[in-house]
Structures are given as C-alpha cells and as structure tokens.
Amino acid sequence: MPETADVGAALERFAALDEKDLSQSWRFRDKPMDLRYALYRTIEDAQDASVRGAALTLPESRRILSQAQRAFGDLRGLLIGLPTDLLDKPPRDGEWSVREILRHITVTEGRYAVQTLYAVERADTDPMRVPDDRLPTPAQTDVTGRISEILARVGAARAETDRRLGDLPAAAMARPTQWIQYDVDVRFRLHRFASHMAEHTVQCEKTLAALGWLATEGRRIVRRLIALLGEVEGLAGRAAAAEIETRLVERSASLGPA
C-alpha cells in the first residue's frame, strides 16, 4: 500500500520550512516546544520502530533490501516537492538532468531485479547472464510528469524488487552471478541496490548544487526522517511506516491550512 496524498503533502510542507518557520511554537505533551521538534519527535518514533524491526527474525535478503528502501527514502527526502523547472536543467552540457538521473535509477532497479532473480532461478547449465531482451531499457522507462509522479514510479519499482527478492532462502545468497565483468554472488548483487541508489542521490545533490539550489533546514530534517521510514518499511512492513506517517500528518496540522 503506497503512502497517502496527505502524507506526501505533509512531507512537502515540512520540507519547505526554513529556520525561522521551524522556530514557531509547537506544543508537546501540553508544554511549549518549537515546530522543529515535531519533526524530530517523528524521527524518534521512527527510530523506535526501526529498533523493533531490527529485532525481528527476517531473511537476510529482506534485511539487505531494507537498506535499499532507506536509500530510496533519502532520495525522496532530497527531491520531494522539487520545482518542475529544476527537473530538466542539466548542470553542464552533456550531463544528465535530475529527470534523466531518475530514469537511470528506475531502469537500473528493474535490471538489477531481473538479473538477481535470474541468478537465483537459473539451472547450473543455463548461461550465467540473463538475455538482454529480458531486461528493461531506458526507452521503456516513463519519467514524465512532476517529481511526485516520478518518485512514485521509482517507489513502485522498489516495491517490486522487494516482492520478488525479499524472502530468498539462505542457500540462494551464494548463487553465482556476474556484475559488469566481475564474478559475484546473489548477496553481492542485493547490496548493489542500496549503493546504486546512494550513488545517484549524490549525483542529484551535485546537480542541484550546480544549479544554485539550496535545501531548507526543514528539508534536511525531512530527508533523515524519510530515510528512516524507508528502513522501517523494509524491516517491519508498510503498516509500521504508515503508523508513523499518520502521526506526522497530525503534527503537520499545526502548520495551518495548506
């Protein structure tokens, strides 16, 4: 179950707040605090849920992929609510815009999933590499629309990866496969999901910095929150993350009408 529109709106509103906005009064347990703590309190809620999720008995593949969901949360926190005019501006001639970086992230998520599942399911007599015609391509990858629509598609691709690879048997983790020109195993490939997401989140940061875009304090906090919520979802499931998101929406009511 994806997050609701209310959650996305609350995250966007908090991400837009600067230092002065966050210094406004907010009440916690009937005592005065600042609005900033509404976000940090939600981070504390997510930390608690993450600790509980880490204590669960889960397949290794799911624990590894929870790091990919955390990395996706970090990307979302960086980009949520980004103005559309920044999506298509490359930092320099010949370099990717944020939209094209997101195309690469989405297509690679799909390709990694196909390649990893193939390594799990193939017979020992089958070729080591999956046929190219079974892999998604950039041309097939839709990155039209606003940032919220594109991030939703990345999220759907991530959810499909977790569905297909999140409950692998222990024996599958050592299955041989290849990555670029290297002989690796399924465990190696699973760890690539998070690191690839992180690599291109950094690329998005560099692109936006080159365009003169600066993150607000609110966005910097929201980014940490969404990353942590991603880990919670990866370990404990969507319902556990949704419970915390509901609290965030309630706390965003103090911002007044949108």
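The values are calculated or read from the model by the stated rules, or taken from the named source; none is laboratory data. As the structure is a prediction and not an experimental result, all values here were calculated from the model. When we count neighbours, we look across all protein chains shown, and the Cβ atoms used for this are built from the backbone with ideal geometry, even at glycine. Keep in mind that these areas ignore ligands, DNA and RNA; they rest on the heavy atoms of the full protein, side chains included. Shrake-Rupley method; radii C 1.70, N 1.55, O 1.52, S 1.80 Å.
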*Could you list which residues have their amide H under 5 Å from that of Trp26, counting only those 5 or more apart in sequence or on another chain, with H placed in the peptide plane?*
Met33, Asp34, Leu35
*Of all the accessible heavy-atom surface of segment 14-90, with the other protein chains kept in place and a 1.4 Å probe, what percent is carbon and sulfur?*
49
*With Cα extents along the principal axes in Å in mind, check (1) 67, 49, 25; (2) 103, 49, 34; (3) 48, 46, 36 and report the label derived from this structure.*
(1)
*Place +1 on the Cβ of every Lys and Arg and -1 on the Cβ of every Asp and Glu in the chain, take the dipole about the Cα centre, and give the residue among Leu235, Leu78, Val98 whose Cα lies farthest towards its positive end.*
Leu235
*Relative contact order (percent, whole number), the chain, Cα cutoff 8 Å, 6+ residue spacing*: 41
*With all protein chains present and a 1.4 Å probe, how do Val222, Val202 order by accessible area, largest first?*
Val202, Val222
*Accessible area (Å², 1.4 Å probe, nearest 10) - Leu235*: 10
*According to a simple spin-label model (label point 7 Å from Cα along Cα-to-Cβ), what is the distance in nm between Ala156 and Glu100?*
2.4
*Nearest 0.05, what FRET efficiency do Ala55 and Lys89 give at R0 = 45 Å with Cβ-Cβ as r?*
0.50
*In segment 54-118, which GluC sites (Glu not before Pro) fall in coil by DSSP and have 16 or fewer other Cβ atoms within 10 Å?*
Glu95
*Based solely on its DSSP helices, what 222 nm [θ] is calculated for the chain when runs of n ≥ 4 H residues each add -39,500 (n - 2.57) and the sum is averaged over all residues, nearest 500 deg cm²/dmol?*
-20500 deg cm²/dmol
*Report the Stokes-Einstein translational diffusion coefficient (µm² s⁻¹, integer) for segment 22-115, Rh taken as the Kirkwood radius over Cα pairs, at 10 °C with viscosity 1.306 mPa s.*
93
_When the expected Rg is taken as 2.2 N^0.38 Å, what fraction or multiple of it is the alpha-carbon Rg of segment 128-258?_
1.31
*What angle, in degrees between 0 and 90 and rounded to the nearest 10, separates the Cα long axis of helix 35-54 from the longest principal axis of the Cα atoms of the chain?*
30
*On the protein heavy atoms, probe 1.4 angstrom, tell me the percent of accessible surface of segment 132-230 carried by carbon and sulfur.*
55
_In degrees, nearest ten, helix 217-236 long axis to first principal axis of the chain (Cα)_ = 50
_Excluding exposed DSSP-loop trypsin sites (Lys or Arg not before Pro) (at most 16 other C-beta within 10 Å), longest clean stretch of the chain_ = 147-258
*Relative to the Cα centre, what is the charge dipole magnitude of segment 81-195, using +1 at the beta carbon of each Lys and Arg, -1 at the beta carbon of each Asp and Glu, and rounding to the nearest 20 debye?*
180
*Want the number for Asp18 to Tyr40: 0.36 nm per residue separation, take away the alpha-carbon distance, what's left?*
6.4 nm
_For segment 64-154, radius of gyration divided by Kirkwood radius, i.e. Rg to Rh on alpha-carbons_ = 1.06
*Please give the per residue accessible area of the chain, computed with a probe of 1.4 Å over protein heavy atoms only, in Å².*
51
